[in-house]
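Any read-out appearing in this document is the output of simple, stated calculations on the displayed coordinates, not a laboratory observation. Everything quoted here is computed from the prediction, not taken from an experiment. Positions of Cβ are generated from backbone atoms using ideal geometry, with glycine treated the same way; all protein chains shown enter the neighbour counts.
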Protein chains: 4
Amino acid sequence: MSLAMNREELEDYMSQIFPQVSQDYSVQDLTEESIVMRLAVGDRHLRPGGTVSGPSMFGLADVSVYALILARRGQQSLAVTTGCSMDFMRKPDGNADLIARCTLLKLGKTLAVGDVLIFSEGSDKPVARATMTYSLPPEGSAAAAFG
Amino acid sequence: MSLAMNREELEDYMSQIFPQVSQDYSVQDLTEESIVMRLAVGDRHLRPGGTVSGPSMFGLADVSVYALILARRGQQSLAVTTGCSMDFMRKPDGNADLIARCTLLKLGKTLAVGDVLIFSEGSDKPVARATMTYSLPPEGSAAAAFG
Amino acid sequence: MSLAMNREELEDYMSQIFPQVSQDYSVQDLTEESIVMRLAVGDRHLRPGGTVSGPSMFGLADVSVYALILARRGQQSLAVTTGCSMDFMRKPDGNADLIARCTLLKLGKTLAVGDVLIFSEGSDKPVARATMTYSLPPEGSAAAAFG
Amino acid sequence: MSLAMNREELEDYMSQIFPQVSQDYSVQDLTEESIVMRLAVGDRHLRPGGTVSGPSMFGLADVSVYALILARRGQQSLAVTTGCSMDFMRKPDGNADLIARCTLLKLGKTLAVGDVLIFSEGSDKPVARATMTYSLPPEGSAAAAFG
């Protein structure tokens, strides 16, 4: 088991494929089993009440697991998100960045599963948890289909 | 059982509380048990490949159930999203609006559960399904807390 | 689109592959898109308080979708359950059978998704909802693997 | 933060409230934040193919989080399971016990969330993951209601 891309290669590649949003995200740490991703929280991520919106947390969870799969399998691996479960447990601090800690529970031939805990920076109580599942493209093909 | 707000009142109220995004959404139909919500798909909802992003579909599902709870319970009801499960089953058409068909399975004193099917307009095969759960504020209080 | 097995063939086949539990379940209705399955509630399905246990409801949801996939794809289709989300909304009546109403949202080449509403017989308020996802075996193989 | 029951008290109490199934489960480890629960796998937990059934894994996940909530809040705390999401990732070994490692992500006034990883004993690759959510009874009442 090893990484197909290191942290710098992963961020470069993500800025190519997600030019509109990649500046929001930065990889804080990367191992073969885990990734730590930061979302630089800005006005467009907030919702009334000064908290971070649900879609922003969903996006962070999805990007985190997707990036970890990319780092493991390399650029040819255009995984397709097939499922998501999330629990929203505490109100995120609208003045703090969000930190996602993601672990890959399974990276099979056709299916990947990643678990994510999301924290407001500086707190050790998770604001949300997510599990994301992906369909993986067969070896040699460019992208997964929707099953 | 009856509605605390009709369709026009609901759209007016949503434009007050969600001024940044309310122009994206419009209520197509509203009954005591169900709502049909349209997302006017624009560039900011797309991701590479010309398809609608996951966060946009999450946001549509959340807004749909939230709006239906509002219509049933009235303006004092600031429900808090506590959970979500989604399955992404087909690739949305980036050139079509998304239509969410939402049913309220439970509207209890402290907990609400809504089911959503999301379609690309003009297709009868769902691109995604979601179940959203909410914590409801006790009678007379302004907002639910995170349990 | 058509059924590979009718209701009688489906029940016969299920009694062969699930001899220990098949007498608990009976197919009430079967179409190309939906199935209605009854769980004959007995003592072993109950938990303290005289209500039906969570594992019994999980099992009913899983059997319902699995049976509908079988009816559509035929006996060679040994689908593998890969995911489940459930919401438990009301207390089931321990003195009534459970009725599961299941719809197939997707039956792709490698992935199937089914939605289930579970009722205590005689009530129109669902006690639980479930979404079950399955990995499907490629054509000509005997069983799906775990991705 | 402290435990209202230690491991022996917890097992004693569970054998009172779940007499039919408590001999299947044993608490291997208990801290304020986590529990390790063993399911002694027997014939009734198996399904065709010599693997452990989905309902057995659901039951193990539910019992694990429920027991941890009991240990933290004490005997008066009759939590009600309101939601579950599970991913089944590998085939459990029908000849090995299952070990559930459970962490409490939130124990609020009215809502609890626990994460569970399930392993076949002797393997470090999880066969399943689960998140279980619970409604908690208000202080002084005997049991939670269904929201």
Here the whole-number average of other chain Cβ atoms within 10 Å per Cβ of C:89-98 is 2
Cβ density ranking, 10 Å radius, fewest first, applied to D:ASP124, A:ASP87, D:ASP93 yields D:ASP124, D:ASP93, A:ASP87
Beyond 24 Å, the calculated P(r) of region C:7-145 holds a percent of Cα-Cα pairs equal to 26 percent
Chain C, Gaussian network, Cα under 10 Å: of C:SER15, C:SER34, C:SER64, the residue fluctuating most is C:SER15
Taking the label point 7 Å from Cα along the Cα-Cβ vector, the copy-to-copy distances for C:ALA40, listed from shortest in nm with one decimal, are 3.1, 5.8, 6.6
Inter-part gap, Cα centre of region D:1-60 to Cα centre of region B:18-79, in whole angstrom, is 41 Å
The helix B:54-73 Cα axis meets the longest alpha-carbon principal axis of chain B at an angle in degrees, between 0 and 90 and rounded to 10, of 30 degrees
In debye to the nearest 20, the charge dipole size for region C:7-145, taken about the Cα centre with +1 at each Lys and Arg Cβ and -1 at each Asp and Glu Cβ, equals 440 debye
Taking the label point 7 Å from Cα along the Cα-Cβ vector, the copy-to-copy distances for C:GLN16, listed from shortest in nm with one decimal, are 5.1, 5.3, 6.5
Averaged over all viewing directions, the convex hull of the alpha carbons in the protein assembly as shown casts a projected area in nm² of 25.1 nm²
Least to most buried among D:ILE17, B:ILE35, A:ILE69, by other C-beta atoms within 10 Å and fewest first, runs D:ILE17, A:ILE69, B:ILE35
For the rotation taking chain D to chain A, the chain D residue with the nearest C-beta to the axis, plus the distance in whole Å, reads D:SER85, 2
Least to most buried among C:GLU33, D:GLU9, C:GLU8, by other C-beta atoms within 10 Å and fewest first, runs C:GLU8, C:GLU33, D:GLU9
Taking Cα atoms, the helix A:7-17 axis meets the longest principal axis of chain A at an angle in degrees (rounded to 10) of 90 degrees
Summed over the other residues with a beta carbon less than 12 angstrom from that of C:VAL41, with K and R at +1 and D and E at -1, the charge totals -2
homo-copy label distances at D:GLN28 (7 angstrom along Cα-Cβ), nm, one dp, ascending, are 3.1, 4.1, 5.1
GNM of chain D, Cα pairs under 10 angstrom: of D:SER85, D:SER56, D:SER135, the biggest fluctuation goes to D:SER85
Quick calc, B:GLN28 & A:ASN95: beta-carbon distance into FRET formula, R0 35 Å, rounding 0.05, result 0.40
Mean other chain Cβ within 10 Å across A:54-67 is 4
Here the whole-number average of other chain Cβ atoms within 10 Å per Cβ of B:41-53 is 2
